Amino acid sequence: MENRPAIDLEQRKSMHQLAPDNDAAWRALADRWTLSPGVAHLNHGSFGPPPREVVAAREQWLAELVRNPMDFFTRRLDPLLAEARQRIGRFVRCSGDDLTFVENSTVAMNIVAASVALAADDEVLLTDHEYGAVMRTWERACGRAGARVVVAPLACPVESADAWVDALFAQVTPRTRLLVFSHITSPTAIVLPAEAICRRAREVGLPVCIDGPHALAMREVDVTRLDCDYYAASCHKWLCGPTGSGFLYVHPRAQAALQPVVTSWGRTPIGQAASWRDEFAWAGTRDSSSYLAIPTAIDFLEAIGLDAYRQRTHALARYARQRIGELTGLPPLTPDSLDWYGSMVAAPLRDGETVSLQEQLWTRYAIEVPIIAWQGRQLVRVSCQLYTAREDIDRLVSALRELL
């Protein structure tokens with residue numbers, strides 16, 4: 001893309017060799033974000049935000065749009081979006097032709113819900129760790145069809161990946177039409193054994209939709225190896241893309257049945273054959289600058305080094321889990337392994353008033369962190385990004401000690 005802002009790779013080459021616990025050296029990257037000073041930002045998993053490079057890229061693309069909208073929308077946009085799709089495809093190990101841009105994974109999930117044919121008494125299987133909006137999406141889709149949502153309980157603390165896979169597939173029946181699960185869960189911040197789940201699903205001929213907003217960049221995502229039918233992603237979380245940027249991957253075997261949630265003109269670029277993406281490419285006039293800035297977010301993290309990024313943020317999450325566990329004396333939800341949690345961790349707290357605790361952490365201590373009520377438990381979910389320091393986590397633990 002001709003106007004993608006250059007990233008100073010020389011400035012970050014040394015980051016590839018940094019030890020995950022070298023706080024002083026990693027702190028040099030914190031100024032790439034324009035965060036409010038004086039606040040402990042421990043909720044990157046909800047809303048981002050993007051670093052300066054990505055903000056600048058989006059602003060430049062928007063400036064291109066407003067200089068000559070007719071030229072941008074009718075002549076330039078299609079090839080620009082195609083190039084961005086291919087860049088993302090390389091990042092998640094698939095063809096860019098199997099991706100379509102959406103605002104976020106919620107929109108992607110609603111497209112899938114509008115496309116999967118359900119009849120009376122059919123079942124859609126989810127887990128009890130699922131994101132609330134995903135649960136609502138499928139409850140509504142099933143309700144319209146007279147189908148039902150089946151929720152598989154996955155026990156915590158975790159015993160083993162095999163036990164979870166067995167528990168999930170124990171709920172599969174001849175009426176199950178689709179399996180929906182989060183690659184990394186939102187309330188519990190647990191990495192699900194996605195490859196093992198998809199492999200078992202293929203063995204029984206069950207289509208799979210993965211909700212993956214937390215996995216993108218936090219984990220290596222290879223959708224071709226997963227061989228799922230759908231993968232819904234938000235780029236504004238761990239990939240550090242702009243707000244309003246995401247994609248839906250659709251396996252070629254499922255593309256013909258895909259239906260849009262917004263009907264407009266469709267879009268088949270001149271000189272090209274019709275594509276399954278046509279109904280999604282032109283949903284009225286919209287700002288595509290967020291989509292076009294996603295490659296800059298990929299460049300940013302690859303310049304730092306994805307392995308270094310993951311190791312650093314996991315080391316911080318591990319430190320948060322250890323410190324909170326020492327405070328509460330409660331057992332963690334998972335084994336202490338990168339296989340089970342990455343840059344984000346949910347730690348159990350003693351029973352309390354969830355909303356009040358979160359509000360007090362903000363109003364009294366200027367700490368942004370979600371307190372989550374899940375399955376009768378209270379969890380604090382700590383997100384660790386490259387701007388996070390151990391001092392932020394110590395500040396949270398100190399505040400929790402006073403409040404609890």
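Remark: pairs (first residue in the range 350-368, of a type outside the set (Gly, Ala, Ser); second residue in a loop (DSSP other than H, G, I, E, B); Cβ separation under 7 Å; 6+ apart in sequence or on different chains) = ARG350/LEU404; GLN358/PRO370; LEU361/VAL369; ILE367/LEU42; GLU368/VAL39; GLU368/LEU42; GLU368/ASN43. If you filter the range 273-316 down to residues that are part of a loop (DSSP other than H, G, I, E, B) and in contact (Cβ under 8 Å) with a residue 24 or more places away in the chain, you find that the one that is nearest to ILE393 (Cα to Cα) is GLY305. Contact map, the range 242-257: first residue outside the structural domain of SER289 (by TED's automatic domain parsing), second residue surrounded by fewer than 16 Cβ atoms within 10 Å (Cβ to Cβ) and not in a strand (DSSP E or B), Cβ cut-off under 8 Å, separation 6 or more or different chains; the map is empty. When ASP222, ASP229 are checked against the criterion of being under 22 Å from the mean Cα position of the chain (by Cα) and surrounded by fewer than 17 Cβ atoms within 10 Å (Cβ to Cβ), ASP222 stands alone in meeting it. Looking only at residues in the range 1-29 that are part of a helix (DSSP H, G or I), of a type in the set (A, V, I, L, M, F, W, C) and surrounded by 15 or more Cβ atoms within 10 Å (Cβ to Cβ), the one that is modelled with the lowest pLDDT is MET15. Close contacts from the range 38-64, counting a first residue that is under 18 Å from SER105 (Cα atoms) and a second that is in a helix (DSSP H, G or I) and modelled with pLDDT of 95 or more, with Cβ to Cβ under 8 Å and a gap of 6+ residues or different chains, come to PRO50/ARG58; PRO50/ALA297.
Quick one: which residue in THR224, THR243 is among the polar types (S, T, N, Q), within 26 Å of GLY305 (Cα to Cα) and not in a loop (DSSP other than H, G, I, E, B)?
Working: THR243 fails: not in a loop (DSSP other than H, G, I, E, B).
THR224 is the lone residue from the list that is among the polar types (S, T, N, Q), within 26 Å of GLY305 (Cα to Cα) and not in a loop (DSSP other than H, G, I, E, B).
Matching residues to (1) in a loop (DSSP other than H, G, I, E, B); (2) at pLDDT 95 or above:
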{"residue": "ALA120", "(1), (2)": "yes, yes"}
{"residue": "THR137", "(1), (2)": "no, yes"}
{"residue": "CYS142", "(1), (2)": "no, yes"}
{"residue": "GLU159", "(1), (2)": "yes, no"}
{"residue": "ASP162", "(1), (2)": "no, yes"}
{"residue": "ARG200", "(1), (2)": "no, yes"}
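The values are calculated or read from the model by the stated rules, or taken from the named source; none is laboratory data. Small disclaimer: the values here were computed from a predicted structure and weren't measured. Positions of Cβ are generated from backbone atoms using ideal geometry, with glycine treated the same way; all protein chains shown enter the neighbour counts.
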